[in-house]
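As structure tokens, the structure follows; a few thoughts come after it.
The values are calculated or read from the model by the stated rules, or taken from the named source; none is laboratory data. None of the values given here were measured: they were computed from a predicted structure. Cβ placement follows ideal geometry from the backbone for every residue including glycine, while neighbour counts extend to all protein chains displayed. These area figures cover heavy atoms from the full protein model, side chains too; ligands, DNA and RNA do not enter into them. Shrake-Rupley method; radii C 1.70, N 1.55, O 1.52, S 1.80 Å.
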Amino acid sequence: MTIGIDKIGFFTSDYYLDMVDLAAARGEDPNKYLIGIGQEQQAVIPPTQDVVTMAANAAVKILSDDDKQAIDMVIFGTETGVDNSKSAAIYVQSLLGISNTARSFEIKQACYGGTAGVQMAFDHISVHPESKVLVLAADIARYGIGTAGEVTQGDGAIAMLMSQDPQILALDNQSAFHSENIMDFWRPFYRRDAIVDGHYSTDIYIDFFNQTFNDYCAKYQRTLTDFSAMAFHLPFTKMGLKALRTVIDTDEHSQQLLKEFDYSKKYNSLVGNLYTGSLYLSLLSLLANSTMLHAGDRIGLFSYGSGAQGEFYSGTVVKAMQRQRLGHQVDQLLANRTKLSVPEYEAMYANGLPNVGGDVTFDSADDHNRFILVGRKDDQLIYQDQLA
Ligand code: HMG
């Protein structure tokens with residue numbers, strides 16, 4: 001029996017900021033953002049979307065009625081939770097009409113939460129082969145106006161249906177992990193924006209990649225040539241390139257890995273960081289855009305969550321030529337976004353649910369997505385299915 005990712009869906013907000021405009025506003029050379037950081041555009045989120053609505057909007061595209069009945073577990077990885085107690089998973093389960101017999105819960109370890117969900121789903125399906133598990137990974141990356149991290153902001157959600165005999169990626173059940181108590185990036189309860197030790201975080205990321213990749217290779221007697229491509233957690237796309245460069249050479253296979261990396265970063269460079277979903281957007285980008293991957297090709301996946309947890313694992317491509325099917329939804333979503341000026345982005349950035357509590361109703365006239373956050377009443381979040 002093979003187990004892995006059977007379907008994958010993506011959602012991001014309707015607005016974006018161009019990095020050339022941001023560079024001009026911040027007095028930076030645009031090539032620092034475009035080449036040095038590797039980001040072209042950044043998703044900007046309106047108050048009517050949050051991790052619950054984004055995850056529901058991502059999942060609704062991929063789930064059939066039969067899937068909704070068969071799902072017996074909903075795992076939501078996020079570091080942008082909407083409540084200190086209630087999980088975002090329960091809201092999504094209810095919005096999508098997933099069977100009430102499912103287990104639904106949320107997990108957190110910075111950007112690693114999505115991978116924790118994938119591995120937990122793998123173990124669950126190993127024991128219960130008829131199960132289907134919905135793994136959700138959604139976040140809003142915020143560092144603050146005018147900060148060094150601002151160019152790496154973004155938002156988005158990935159929804160993955162995991163099952164036996166998957167159509168997209170069969171996991172090898174081979175992985176290596178490493179965790180350490182490190183203060184490279186964190187977000188205290190009172191803050192919406194993250195605190196980050198930027199350069200330290202990039203060093204730690206590379207260190208964790210090297211440790212887990214080398215452990216993986218030693219454990220399973222593999223070398224770089226066993227991988228047709230690598231997908232990385234991409235807080236900004238240059239980060240993955242820096243990590244990849246530590247293990248490649250100048251030979252032909254290394255050139256192939258660099259070419260595949262270009263495919264894997266395409267969507268991330270247009271969306272920005274989506275924390276838990278970042279690695280899986282990169283995987284989607286690779287599968288949707290690569291012209292070289294074939295069924296049976298092995299992909300290495302590096303997941304990193306600050307604080308810090310790293311994991312390197314692998315899977316094999318199930319079907320080649322998935323490009324049109326996988327890429328269509330993302331290309332359409334990105335093409336339909338509205339570009340914001342820097343002042344418009346700054347105004348939207350200041351918006352959202354007030355941290356102090358109180359009732360609020362958002363103007364949702366411009367949000368035509370299926371699931372929206374209408375506001376808050378009596379300390380309860382009010383979500384709406386606009387098709388209901
Ligand atoms: P900075 O200090 O402003 O940038 O912020 P810099 O001075 O280091 O320059 C960046 C790169 O641009 C350099 O290249 C420059 O040479 C180049 P590098 O040496 O790195 O290869 N550059 C230029 N290139 C071309 N033309 C030019 C030009 N000028 C400069 N004219 C920093 C960079 C990443 C520190 C900042 O954006 C930041 O703090 N970002 C947020 C933290 C982050 O993303 N860390 C990544 C690792 S941690 C992680 O992945 C976990 C995370 O996702 C959170 C979680 O787990 O929940 C963040």
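Counting heavy atoms of the protein chains alone, ARG191 has an accessible area of about 80 Å² for a 1.4 Å probe. In the chain, what percent of the accessible surface is made up of carbon and sulfur (1.4 Å probe, ligands and nucleic acids excluded)? The C+S portion of the solvent-accessible surface of the chain is 48 percent.
For segment 172-320, a simple Cβ point-charge model (Lys and Arg +1, Asp and Glu -1, everything else neutral) yields a dipole of about 480 debye relative to the Cα centre. With both residues required to sit in the chain, DSSP beta bridges show an antiparallel share near 70%. The GNM of the chain, with springs linking C-alpha atoms under 10 angstrom apart, assigns the highest mean-square fluctuation among ALA56, ALA243, ALA25 to ALA25.
Given R₀ = 30 Å, FRET efficiency for LEU241-GLN324 by Cβ-Cβ distance, to 0.05? All intermediate terms of the calculation are to be shown ahead of the outcome.
On the way: r = 27 Å, r/R0 = 0.90.
Using R0 = 30 Å, I get an efficiency of 0.65.
With both labels modelled 7 Å from their Cα along Cα-to-Cβ, the GLN211 to ALA365 distance reads 5.4 nm. Within the listed set GLY38, GLY357, GLY154, the residue fluctuating most in the Gaussian network model of the chain (springs between alpha-carbon atoms under 10 angstrom) is GLY357.
Going by average Cβ density within 10 Å per residue, which order do the peptides 295-307, 133-145, 333-345 take, highest to lowest?
Working: 295-307: 22.0, 133-145: 26.1, 333-345: 14.3.
The most tightly packed comes first, giving 133-145, 295-307, 333-345.
In the assembled protein chains, VAL196 presents an accessible area of approximately 60 Å² (probe radius 1.4 Å). In the chain, the calculated helix contribution to ellipticity at 222 nm averages -10500 deg cm²/dmol per residue, counting -39,500 (n - 2.57) for every DSSP H run with n ≥ 4.
Inter-part distance, segment 115-132 to segment 257-287, computed on C-alpha centroids, equals 24 Å. If you wrap the tightest convex hull around every Cα atom of segment 32-184 and split its volume per residue, you get 160 Å³.
In whole Å, what three semi-axes, largest first, describe the equivalent ellipsoid of the chain built from its Cα gyration tensor (square root of 5 times each eigenvalue)?
Values: eigenvalues 176, 135, 73 Å².
Each semi-axis is the square root of five times an eigenvalue, giving 30, 26, 19 Å.
Taking Cα centre as origin and charging only the Cβ of basic (Lys, Arg, +1) and acidic (Asp, Glu, -1) residues, the dipole magnitude of the chain rounds to 340 debye.
Using the structure shown, select from LYS7/LYS265; LYS259/LYS319; LYS132/LYS238; LYS266/LYS319 the pairs with a Cα to Cα distance greater than 24 angstrom.
Numbers: LYS7/LYS265 20 Å; LYS259/LYS319 20 Å; LYS132/LYS238 35 Å; LYS266/LYS319 21 Å.
LYS132/LYS238, as the Cα separations exceed 24 Å there.
Inter-label distance, THR291 to LYS339: 2.7 nm, where each label sits 7 Å from its Cα along the C-beta direction.
Calculated FRET efficiency, ILE145 to ASN100, Cβ-Cβ distance, R0 = 51 Å: about 0.75 to the nearest 0.05. Out of SER201, SER175, SER94, any idea which swings most in a Gaussian network model of the chain, alpha carbons joined below 10 Å? Fluctuation is largest for SER94. Tabulate in residue order the Karplus-calculated ³J(HN,Hα) for segment 212-229, using 6.51 cos²θ - 1.76 cosθ + 1.60 with θ = phi - 60°, rounded to whole Hz; enter x for Gly and Pro. Along segment 212-229, the couplings run 6, 5, 5, 4, 4, 5, 5, 5, 10, 6, 10, 10, 3, 5, 6, 9, 7, 7 Hz. Placing a pseudo-label 7 Å from each Cα along the Cα-to-Cβ vector at MET1 and SER64 gives an inter-label distance of 2.0 nm.
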